[in-house]
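Here is the structure we will look at, set down as structure tokens.
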Amino acid sequence: MYSDGLTEAMDAAGEEYGPGRLASFSGGAGPGPRSVVKAIAPYVHRFHGSDGFGDDPTIMVARRLQAWE
């Protein structure tokens, strides 16, 4: 799950990061939720190119611990 603050982050040219970039992200994240967040967050910050965001970028990743029977 993610907030619109993540996908609406803009670069210097005014282009949004967008859900397509997020969906196609292949930043080499390792296993587990923490690895996914640690891989995506710096990539979005580099795309955005400034210290602050106009909105709150939020990422939530869940891990399934056990199958329900």
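What do you reckon, is PRO42 out of contact with any strand residue (DSSP E or B) (no Cβ under 8 Å at 6 or more places or on another chain) and within 16 Å of THR7 (Cα to Cα)?
yes
Give me the pairs, please: first residue somewhere in region 36-47 and without any contact (Cβ under 8 Å) to a residue 60 or more places away in the chain and within 19 Å of GLU16 (Cα to Cα), second residue anywhere and of a type in the set (A, V, I, L, M, F, W, C) and assigned to a helix (DSSP H, G or I), beta-carbon distance under 8 Å, and either six or more positions apart or on two chains.
ILE40/LEU22; VAL44/LEU6
For residues that are among the polar types (S, T, N, Q) and open to solvent by less than 70 Å² (accessible area, probe 1.4 Å), tally how many sit in region 13-68.
So the answer is 3.
The values are calculated or read from the model by the stated rules, or taken from the named source; none is laboratory data. Remember, predicted model here, so these are calculated numbers, not experimental data. Note that we place each Cβ from the backbone using ideal geometry, even for glycine, and neighbour counts take in every protein chain shown. Keep in mind that these areas ignore ligands, DNA and RNA; they rest on the heavy atoms of the full protein, side chains included. Shrake-Rupley method; radii C 1.70, N 1.55, O 1.52, S 1.80 Å.
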